[in-house]
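Okay, structure first, notes after.
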Amino acid sequence: MKLTFKLNGKSNVVEFNTTPTKSGGISCMAKTSKDLDVLQDIISDSNEGMVIQKGLQNYLETKLKLPIDIDFDYNGAGYGFKIDIYSLLRRI
C-alpha cells in the first residue's frame, strides 16, 4: 500500500508491506530501504510524535471501515495495529 505524508509543504510517498501478526493484528513495514529512508526523514522533520502510526491508522480505518488501534506491545519490525474484534463482530 502506498501512503502520502504531507509535512512542511512537501509530499512524501512511502510504500508499505502489510502482514498479519500472531496476535491477530496487522503489521506495516516499509517495502524498500528507500522507503525506510523517507520514513526516517519524516520522523526527523516532524514536530509531532507518532506521525507515521497515526497516518497508517487513519488509512487502515478508512479502507477496512473498522476501528483500528495502535499496538504499543508490538515488538517486530515496522508498526503494529490491532483490529477491534467487537466492532468486527457487530458487522456480522
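Here are some notes:
- Over the chain, relative contact order from alpha-carbon pairs under 8 Å, at least 6 apart, %: 24 percent
- J(HN,Hα) series, segment 56-65, from Karplus relation 6.51 cos²θ - 1.76 cosθ + 1.60, nearest Hz, glycine and proline x: 5, 4, 4, 5, 5, 4, 5, 6, 8, 6
- Spin-label model distance (nm) - Asp37 vs Lys6, 7 Å beyond Cα toward Cβ: 2.6 nm
- Greater than 20 Å apart at Cα, pairs in Lys34/Lys82; Lys2/Lys65; Lys2/Lys22; Lys22/Lys63; Lys6/Lys34: Lys34/Lys82; Lys2/Lys22; Lys22/Lys63
- Mean residue ellipticity, 222 nm, helices only, the chain: the sum of -39500 (n - 2.57) across DSSP H runs of n ≥ 4, divided by residue count and rounded to 500, is -11000 deg cm²/dmol.
Readers should treat all values here as calculations from the given coordinates under stated rules, not as data from a laboratory. Values in this document were obtained by computation on a predicted structure and should not be read as measured data. Note that we place each Cβ from the backbone using ideal geometry, even for glycine, and neighbour counts take in every protein chain shown.
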